[in-house]
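Take a look at the structure below.
The values are calculated or read from the model by the stated rules, or taken from the named source; none is laboratory data. Just so it is clear, the structure is predicted and the values come from calculations on it, not from any experiment. Positions of Cβ are generated from backbone atoms using ideal geometry, with glycine treated the same way; all protein chains shown enter the neighbour counts. Just so you know, the surface numbers come from the protein's heavy atoms only, side chains and all, with ligands and any DNA or RNA stripped out. Shrake-Rupley method; radii C 1.70, N 1.55, O 1.52, S 1.80 Å.
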Amino acid sequence: MTASTEAPPERAISRLLPSALRHRVPAVLQRRDFRRFWIGHSVSLMGDEVHRIAMPFAAVNLFAADATAMSWLTAAPMIPALLLSIPAGIWVDRRPSRRRIMLFADLGRFLAVLSVPLAYAFGVLSLTQLIVAELVVGTLAVLFSISDNTLFAAMVPNAELMQASSLSNGSRAFASVSGPSLGGLAVQLLTAPFALVADAASYLASAVALSRISPTEPVPDREAKGGFLDGLRWIVATPGIRALQGAVGTVNFFDFIFQALFILYATTYLHINAGLLGLALGAGAVGGLVGAALTGRIVARIGIGMGMTLGFLGFAAPHILVVLASGPKALIVLTLFVYEFLSGLGVMLLDVSANAYITAVMPDDLRSRISGVLQTINYGIRPLGALTGGVLATTVGIRTALAISTIGACCSVLFLLGSPLRKLRELPG
């Protein structure tokens with residue numbers, strides 16, 4: 001496996017800071033291409049958080065969507081990951097520029113999301129259009145995500161992978177701090193469809209950032225044979241990755257039973273409005289920020305393998321607090337805050353560690369094909385979980401369905417406890 005090892009092209013950030021602060025700038029931010037990509041991606045993540053609260057609220061408030069409709073809306077952007085990730089991985093591995101694919105994906109998502117407020121403004125918006133827009137966004141997200149790992153590795157050397165992963169996931173946490181709160185406020189002041197304008201603009205900002213970088217990408221193997229089977233064989237033959245994906249598939253399936261029902265449960269059964277729910281979701285981002293800041297120290301102390309293990313459990317276990325939430329509204333909101341904070345901290349520890357590990361061990365010539373299989377496991381399982389959530393809610397009730405999802409998600413940690421990852425201390429060279 002190889003990655004970018006050249007010296008940073010310039011140190012513009014350091015020159016802008018007082019000399020006493022220059023040593024505090026992460027080394028990876030001295031790399032112009034990564035810095036520009038990171039800034040654009042950070043803006044896009046902010047829009048994603050607005051999207052996460054605005055889309056379901058549009059369905060609930062405008063069309064009185066029930067549990068079945070909400071499960072389909074939640075599943076729609078992830079169905080393409082289940083159906084298209086593997087063929088997309090083969091196709092992307094043979095393309096000379098993953099950056100251009102990602103730029104095209106951002107522009108396409110900009111147009112798809114913008115179609116919602118435009119349709120609403122002309123009085124023709126429907127629940128069907130919301131689901132179709134999510135399908136388009138999900139399809140283009142497949143191309144973006146599969147290309148991302150190759151571009152990321154081209155910009156960042158192995159020695160800086162944990163640092164770059166912390167920054168990228170820290171941006172996600174920061175977006176989650178302000179995004180849901182701003183999204184909830186925007187939904188209340190502007191209505192949910194118009195709140196999505198911010199999300200559309202964020203995709204445009206990401207596209208501009210991609211247009212201004214020029215990393216040296218691996219030469220594609222246009223004659224490569226074996227297709228997705230090469231990527232699948234590598235995953236099966238790599239014990240750490242095999243165990244990690246078993247855990248990821250399990251936690252994602254059960255978590256998306258939970259996610260498909262959470263907003264409906266919080267608004268209908270706990271009687272939490274959009275503003276309060278947005279603030280509660282923001283608490284998860286605060287936990288994520290804390291996790292991003294502490295992951296490096298935690299991993300240095302307990303090892304990257306145990307860091308991932310602790311991350312799985314730390315993300316899944318706090319979900320039980322939602323099931324137990326009851327009493328005065330203030331107590332319910334506080335319970336949701338604690339749930340989001342602890343779960344956000346856990347998922348950040350997991351994501352930073354797992355992303356760095358996967359990037360470090362993945363061979364360059366198979367990156368997109370491996371990413372296609374990984375995305376099928378990681379994201380393709382999610383719509384199955386979301387649809388299962390709708391079935392469970394109608395058969396055993398929403399609260400029981402949430403409890404089942406929590407127990408199942410916690411079981412994901414069993415995959416790692418019996419694998420070599422449990423004893424892995426450092427990233428492979």
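Details
- Hey, residue 291 at pLDDT below 80, in contact with a Leu (Cβ under 8 Å, 6 or more places away or on another chain) and not basic (Lys, Arg) or not: no
- Residues located in the range 356-379, provided they are open to solvent by 30 Å² or more (accessible area, probe 1.4 Å) and not in a helix (DSSP H, G or I): 379
- Restricting attention to the range 312-332 and to residues that are in contact with a Ser or Thr (Cβ under 6 Å, 6 or more places away or on another chain) and open to solvent by less than 60 Å² (accessible area, probe 1.4 Å), the residue that is farthest from residue 357 (Cα to Cα) turns out to be 325.
- Filter result for residue 353 (open to solvent by less than 50 Å² (accessible area, probe 1.4 Å), in contact with an Asp or Glu (Cβ under 6 Å, 6 or more places away or on another chain), assigned to a helix (DSSP H, G or I) and of a type in the set (Ser, Thr, Tyr)): no
- Note on the range 186-235: among residues that are farther than 29 Å from residue 120 by Cα, at pLDDT 80 or above and of a type in the set (S, T, N, Q), the one that is surrounded by the most Cβ atoms within 10 Å (Cβ to Cβ) is 211.
- The condition of being open to solvent by 30 Å² or more (accessible area, probe 1.4 Å) and modelled with pLDDT of 85 or more does not hold for residue 245.
- Looking only at the range 134-149, residues that are buried (at least 24 other Cβ atoms within 10 Å of the Cβ) and either in contact with a Ser or Thr (Cβ under 6 Å, 6 or more places away or on another chain) or outside any helix (DSSP H, G or I) (or both) come to 2 in all.
- Test: residue in the range 1-22 that is modelled with pLDDT under 80, under 30 Å from residue 124 (Cβ atoms) and among the acidic types (Asp, Glu): no
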